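Colleague: Dropping the structure in here first, questions after.
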Amino acid sequence: MVFRVSFPPPRPRMGMRALLALIFTFWVCAPAFAETAIRDVRLGKNGDRTRIVFDLSASASPKVFLLADPSRVVVDFENADAKGFDQLKSKGLVTGLRFGHFNAKTYRFVLDLSGPAKIGRAFALDPAGGAGHRYVIDIDQATRAEFADAVRASRTTTRPAAQAAPTPRRIAPKRSHAKRMVVLDPGHGGVDPGTLGVLGVNEKIITLKVARAIRTELENSGRYRVRLTRDRDIYIPHRQRYGIAHDEGADLFISIHADSIANPKVRGGTIYTLSETASDREAARLATKENKSDIIAGLDLGTTDTVVSGILIDLAQRETLNASVEFAKTLLPRMRQQVRMHKRGHRFANLLVLKSIDVPSILLETGYLTNRDDARMLNSRSGQRKIARAVLAAVDDYFASQTVEAR
Ligand SMILES: [Zn+2]
């Protein structure tokens, strides 16, 4: 990749306050009405400094801030969109880069860093010498202490959209509707693409398609109301996902995913329910991977208590958990009738998205996107409909058995 912007002269010595002021957020006035197209992203390296350059259709003023554990730089563009450029190769301090819609207003870039760093400079460049509008961020190596200071400072001076107010715990609304409510949760989305399948389709695309197919099947039955946690390519934090189910007074929560593994021969779906300890190594691996979603999307876990302290299952969750296991056991044979399921089709793991207090919740790994047959099935409408039919049958069975028990 050709690096087209020359580095500015070294900045003069400055006091700590001025330095801190430079370290995080920079605002440049930009017209609020126009949507900015982000046309390209380029990385360059010069000694200890790594430069990231955004090519833009208009002048823009992204929010730039640092996150720890792991070290990341987050760049949030408001009213912006990006299309058609490739993933970047790692360079300098930047070991990975993801981008996508973070919420309705924000287009987010998350840069993984190889270690502690600080934002040296961040500035807009006007068109010049054949190049258009650009926004430039210089990332410099830093000591651990400098990095910690910079992260703390960005936390108090920026309010990234990620840190939306926590969902207040409310009593679930009275279930006055005759129809049961099922909340479907298409995994990943936006800046968090999930697994990349062998057919070149990201997990976030598959999960949304499968969820829509299930919604169609459930709604067409006339027996259920359905809500999707997301119905477009956008990221939703874990706690917000099960928070939606709670706020809706949902009767069931189904999180939809697709797995990946090094061995391309491994295939078949698996149903997961919550447990403090994983049922086996594979389940532990899966939980570690899926729980990283919030980190991948550039959330600041340092300020979200539930994620950090969310290991223990509280007593109130036990009853919910029993119902979740009941539903998993109902779903497994129905899935087997339609698609290939793993030999151990029901496993237990500490999955953050299943931590609802009051809504029975399962996570459905629909298959392995690293397996050609599974990937083909998941990419096809017929495959998606098979899964949807299995879920409808299981949801019917589950609520029927509940009604019997309640008599
Ligand atoms: Zn996933």
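The values are calculated or read from the model by the stated rules, or taken from the named source; none is laboratory data. As the structure is a prediction and not an experimental result, all values here were calculated from the model. Please note: Cβ atoms are built from the backbone with ideal geometry, for glycine as well, and neighbour counts cover all protein chains shown. Only protein heavy atoms, including side chains, enter the accessible area calculation; ligands, DNA and RNA are left aside. Shrake-Rupley method; radii C 1.70, N 1.55, O 1.52, S 1.80 Å.
Colleague: Can you tell me the dipole magnitude for region 180-406 around its Cα centre, using point charges on the Cβ only (Lys, Arg +1; Asp, Glu -1), in Debye to the nearest 20?
Modeller: Dipole size: approximately 1080 debye.
Colleague: Please grab the % of Cα pairs in region 180-406 that end up more than 21 Å from each other.
Modeller: 50 percent
Colleague: Also: Between residue 216 and residue 336, take the C-beta separation as r, use R0 = 22 Å, and let me know the FRET efficiency to the nearest 0.05.
Modeller: For R0 = 22 Å, the calculated efficiency reads 0.50.
Colleague: Then there is this: Which of the trypsin sites (Lys or Arg not before Pro) found in region 102-153 are loop residues per DSSP with 16 or fewer other Cβ atoms within 10 Å of their Cβ?
Modeller: Here the sparse-neighbourhood loop sites are 105.
Colleague: If you take every DSSP beta bridge fully contained in region 180-406, what fraction is antiparallel? Give it as a percent rounded to 5.
Modeller: Restricted to region 180-406, the bridges split so that about 20 percent are antiparallel.
Colleague: Dividing the convex hull volume of the Cα atoms of region 53-160 by its residue count, what figure in Å³ per residue is obtained?
Modeller: Expressed per residue, the convex hull around the Cα atoms of region 53-160 is 110 Å³.
Colleague: Take the alpha-carbon positions of region 352-393, form their convex hull, and give its projected area averaged over all directions (one quarter of the hull surface) in nm².
Modeller: Over all viewing directions, region 352-393 projects a mean Cα-hull area of 3.9 nm².
Colleague: With a 1.4 Å probe and all protein chains kept in place, how do 214, 261 rank by accessible area, largest first?
Modeller: Sorted by accessible area, descending: 261, 214.
Colleague: Please name whichever of 266, 295, 243 sits farthest to the positive end of the charge dipole of region 180-406, dipole taken about the Cα centre and charges placed at Cβ: Lys and Arg +1, Asp and Glu -1.
Modeller: Of the candidates, 266 comes out farthest on the positive side.
Colleague: Taking all pairs of different Cα atoms in region 243-284, averaging 1/r and flipping that mean, what Kirkwood radius in angstroms comes out?
Modeller: Answer for region 243-284: a Kirkwood hydrodynamic radius of 13.2 Å.
Colleague: Over 18 Å between Cα atoms, which of 209/386; 204/289; 45/118; 209/355 qualify?
Modeller: The answer is 209/355.
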